[in-house]
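To start, the structure under review is shown below, and the notes come after it.
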Amino acid sequence: MKPMNRALSALVLVAVVTAGCVSSAPPEVMDETQRFSETIELAEPELSGSSSLEQTLEERRSTRDFTAEELPLDTLGQLFWAGQGITDDAGHRTAPSAGARYPIELYAISASTFMHYLPEGHRVEQRTDTTTLSLLSAAAFQQGFVSDAPLVLVITAVPARTEAEYGAVAHDLVNREAGHVAQNILLQATSLGLAAVPVGGFDPAEVARLLALAPGEDVLYLLPVGYPAAADGS
Ligand SMILES: Cc1cc2nc3c(=O)[nH]c(=O)nc-3n(C[C@H](O)[C@H](O)[C@H](O)COP(=O)(O)O)c2cc1C
């Protein structure tokens, strides 16, 4: 067998062996600064949207003009579910994950709170945070719309979860997973009539510092989301 085929077979074998076991956040990645004051159960996700997948694909556009209106918690819950919701009894999720290691974490920052999605039980944990949103655009190289959005979803990853199975290729695998998760969220936002844009232009270390993430958790993507401002700018 050629070396590449051997490597792929090994990857597939490990993936098959591990496909059923779902990892949860290792306790060592949660430090004191990450404690949340409150856990909230989200409404059951909506499973029958009004637009087809094909319509949604055609309509998706990066949109950077938002009204100031806050998104309801149910809407945020639907976006979280689209990104990382659990969709079967084995714990598999809306987005694929190499070996079902689930290294991705989702957060949301509004003008008043910082939330972390807990796929198990479809819940969020949150703490009051009235400053981070306003600081995000500076961390995103002065892209003003980032702090103008009423909500910014943040996709992070704990590559160690994937490294445990796949070693050095884990970072590549995790980056690919973030793309799946981001696209799920962007399509869900589109089908809900929301404006959203994927933002890769930011200083990951600075955003990690603003969010007080523990070492070993990397910020991969920002997704500002909100209601679209009318074409006349109102
Ligand atoms: C990896 C990646 C990073 C991006 N980073 C930014 C960004 O930092 N700022 C921004 O305004 N748009 C960003 N975008 C959005 C692109 O500008 C946008 O996708 C592109 O112009 C095509 O338009 P569309 O998304 O409406 O099809 C990014 C897109 C991708 C895929």
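Computed from the coordinates by the stated procedures, all read-outs in this text should not be read as laboratory data. Since we're looking at a predicted model, the values are computed, not measured. In this analysis, Cβ positions are derived from the backbone assuming ideal geometry, glycine residues included, and neighbour counts consider all displayed protein chains.
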Counted residues, region 47-90 - those being under 14 Å from Pro119 (Cα atoms), touching a residue at least 40 places away in the same chain (Cβ under 8 Å) and loosely packed, with under 15 Cβ neighbours inside 10 Å: 1
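Quick grid of which residues meet (1) in contact with a strand residue (DSSP E or B) (Cβ under 9 Å, 6 or more places away or on another chain); (2) basic (Lys, Arg); (3) under 20 Å from Glu206 (Cβ atoms):
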{"position": "Gly91", "(1), (2), (3)": "no, no, no"}
{"position": "Pro103", "(1), (2), (3)": "yes, no, no"}
{"position": "Ser112", "(1), (2), (3)": "yes, no, no"}
{"position": "Val124", "(1), (2), (3)": "yes, no, no"}
{"position": "Thr130", "(1), (2), (3)": "yes, no, yes"}
{"position": "Ala140", "(1), (2), (3)": "yes, no, yes"}
{"position": "Ser147", "(1), (2), (3)": "yes, no, yes"}
Which listed residue is surrounded by 15 or more Cβ atoms within 10 Å (Cβ to Cβ), away from the ligand (no atom under 16 Å from the Cβ), more than 22 Å from Gly226 (Cβ to Cβ) and of a type in the set (D, E, K, R), from Arg93, Arg35: Arg93
Pair list, Cβ under 9 Å, 6 or more apart: region 207-226 residue under 24 Å from Thr63 (Cβ atoms) and among the acidic types (Asp, Glu), other residue within 16 Å of the ligand (Cβ to nearest atom) and in a helix (DSSP H, G or I): none
Pairs where the first residue, in region 139-159, is closer than 15 Å to Met115 by Cβ and without any contact (Cβ under 8 Å) to a residue 24 or more places away in the chain and the second is away from the ligand (no atom under 12 Å from the Cβ) and not in a helix (DSSP H, G or I), C-beta under 8 Å, 6+ apart: none
Elements of type helices (runs of 4 or more DSSP H) in region 123-219, at least 2 residues being within 14 Å of the ligand (Cβ to nearest atom) and either surrounded by 20 or more Cβ atoms within 10 Å (Cβ to Cβ) or under 13 Å from the mean Cα position of the chain (by Cα) (or both): 132-139, 145-148, 170-191
Residues satisfying the stated conditions in region 57-74, i.e. in contact with a strand residue (DSSP E or B) (Cβ under 9 Å, 6 or more places away or on another chain) and part of a helix (DSSP H, G or I): Leu73
